[in-house]
Number of protein chains: 2
Amino acid sequence: MGTPELLDTPTGNRLIDALPADDRGTLRERARIRRLEQHEVLWEPGQRIEAVAFPIDGVVSLVTSTVDGHGVELATIGKEGMVGVSVILGARERPIDRAVSQIAGRSLLVDADHLESRLDASPNLRTIMLAYTHTLLKHVAQGVACNRLHPAEQRCARWLLTTRDRVDRDELTLTHEFLAQMLGVRRASVSETLAVLQRAELVSTRRGVIVIENPSGLREAACECYDVVREEYDLLLRTLPESAPAMSPTR
Amino acid sequence: MGTPELLDTPTGNRLIDALPADDRGTLRERARIRRLEQHEVLWEPGQRIEAVAFPIDGVVSLVTSTVDGHGVELATIGKEGMVGVSVILGARERPIDRAVSQIAGRSLLVDADHLESRLDASPNLRTIMLAYTHTLLKHVAQGVACNRLHPAEQRCARWLLTTRDRVDRDELTLTHEFLAQMLGVRRASVSETLAVLQRAELVSTRRGVIVIENPSGLREAACECYDVVREEYDLLLRTLPESAPAMSPTR
DNA sequence: ACACGTCGGTACGCTGGCGTACGCTCGTTT
DNA sequence: AAACGAGCGTACGCCAGCGTACCGACGTGT
């Protein structure tokens, strides 16, 4: 439509930017950039997906809840991915999870209708999106093991590092309460864990803010899952047909 | 088995049997039935998938391991599904997990090459397989929450019920040791948990065998995840173009 | 018939994380 | 300036599950 932006400028979302030019272009025709505020809910489980989101500088969490109201995060998605794989899998009517903006930031929103028709029309796009889905499945699968076997402190360190990678900032605006929901632990456990990390000078905190002071130290405090999942995304983005452009070339 | 079976006879795998006749036929042209023995490994993570498996009366577990050698099950797959979704997602070269035959039984094996080319040729088949993938993703996602929030006893009861549904037998041949690996707990924890369930007369055990004595009682001892995931598969199989032949559920 | 290896019952001390709860502090509102 | 609520530090008792370990029971092979 009458989008004023140049369609071949990088968006800041690595997945979109790594698409072949034609697919990138047609997707962006019906895309808009919107800032997703913290705690904004994109959809609830079972609620039809209207638009998928390609985060640019925020983070969206996929969350499942149990009947007794406890929530656990399945995955955090940032600039390396897309929120709404159910559309790719043909299940936009019944997404698996709740999608919640966790760190406020801009996202490229694409109508699910449009994505669906593009997926039908472009085998190339389909292949790429399925590859992304595979990476996300790996991500979630790692979470199964991580939640079973790794202590809260390691999981917390992992979460902070992952989120840092996605927003490219050391300062994360979020409360213990919400981090607790992501990790599936008590709020008090997060406070205790952060106190430990703070004593080790890996992070510092003030009300509503966690600052990562020593990323490499934090990495040693995190479980292997950080590296495993990170490498999976790196591999995905390296493998895509065209690697992410640093600037807009003449086409 | 050199004798080719009639291609429109039900195989016993509900997913295959629910396919449209033409897709079912072409898949079965390059399929063979083989008995997978207990603990047989179909592939290791990162190892190319040669053939996918549609279990008939056995169960295959998808397992991830951590660096320190502990394993956790991501999902158990039986007659309601297919082992090898990485092929569907275009990643047959690097499957996410280890696939291990957990309860011995027959499977329909289909060459991954063949499946891939059929997926290209038949949008219908593709849609169905993606829908299955979505259900499996839901299954794995539920495991993330379950492993975080539900106690071992509930998870154990859930595992037994799920497996019962998949093999249509009350008698499961497996050791505490292996069940422990599935649940991601100590062997001793499984023994203790089973002792509790046995005292409640929900199961009985002998060396290498667990017998489900009271399915509905066991269901009350299991977490919600049993129902949640079961309904997801029921919905999938109900939704497919042709419905699967009637099966006896856990009442 | 025997021996050996696998399987499983049980026990010990330990600890991570739970539920709960109290009160301080910071930041915003009135 | 005062008031209020959200955010957070901390504490207490409690327990599920851990690591380890020992030994008896079963069953398979010779």
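Computed values, structure above
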{"read-out": "Check on residue B:118, modelled with pLDDT of 95 or more and part of a helix (DSSP H, G or I)", "value": "yes"}
{"read-out": "Tally of residues being outside any strand (DSSP E or B) and crowded, with 20+ Cβ neighbours inside 10 Å across region A:97-115", "value": "2"}
{"read-out": "Selected residue [within 14 Å of chain B (Cβ to nearest Cβ), within 13 Å of DNA strand C (Cβ to nearest atom) and in contact (Cβ under 8 Å) with a residue 24 or more places away in the chain] from A:196, A:185", "value": "A:185"}
{"read-out": "Criterion: touching a helix residue (DSSP H, G or I) at 6+ places or on another chain (Cβ under 7 Å) and of a type in the set (D, E, K, R) - qualifying residue of A:98, A:106, A:148", "value": "A:148"}
{"read-out": "Scope region B:143-158; condition more than 7 Å from chain A (Cβ to nearest Cβ) and crowded, with 21+ Cβ neighbours inside 10 Å; matching residues", "value": "B:146, B:155, B:156, B:157, B:158"}
{"read-out": "Check on residue A:98, away from chain B (no Cβ under 14 Å) and out of contact with any Lys or Arg (no Cβ under 8 Å at 6 or more places or on another chain)", "value": "no"}
{"read-out": "Where residue A:94 falls short, out of the listed (1) over 22 Å from residue A:142 (Cβ atoms); (2) not in a loop (DSSP other than H, G, I, E, B); (3) not aliphatic (A, V, I, L, M)", "value": "(2)"}
{"read-out": "Single residue of region B:200-216 satisfying the filter (among the aliphatic types (A, V, I, L, M) and within 10 Å of DNA strand C (Cβ to nearest atom)) that is farthest from the other protein chains (Cβ to nearest Cβ)", "value": "B:209"}
{"read-out": "Members of region B:17-73 that are touching an Asp or Glu at 6+ places or on another chain (Cβ under 8 Å), free of Cβ contacts under 8 Å to residues at least 24 places away in the same chain and part of a loop (DSSP other than H, G, I, E, B)", "value": "B:66, B:67"}
{"read-out": "Selection count, region B:199-214, where residues are within 12 Å of DNA strand D (Cβ to nearest atom) and either in contact (Cβ under 8 Å) with a residue 24 or more places away in the chain or in contact with a helix residue (DSSP H, G or I) (Cβ under 8 Å, 6 or more places away or on another chain) (or both)", "value": "3"}
{"read-out": "Residue check for residue A:126: over 21 Å from the mean Cα position of the chain (by Cα), crowded, with 18+ Cβ neighbours inside 10 Å, charged (D, E, K, R) and modelled with pLDDT of 95 or more", "value": "no"}
{"read-out": "Selection status of residue A:76, of a type in the set (S, T, N, Q), more than 16 Å from the chain's Cα centre (by Cα) and either surrounded by fewer than 23 Cβ atoms within 10 Å (Cβ to Cβ) or not in a loop (DSSP other than H, G, I, E, B) (or both)", "value": "no"}
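The values are calculated or read from the model by the stated rules, or taken from the named source; none is laboratory data. Everything numeric here is computed off the predicted structure, so don't read it as measured data. Note: ideal-geometry Cβ built from the backbone for every residue, glycine included; neighbour counts use all protein chains shown.
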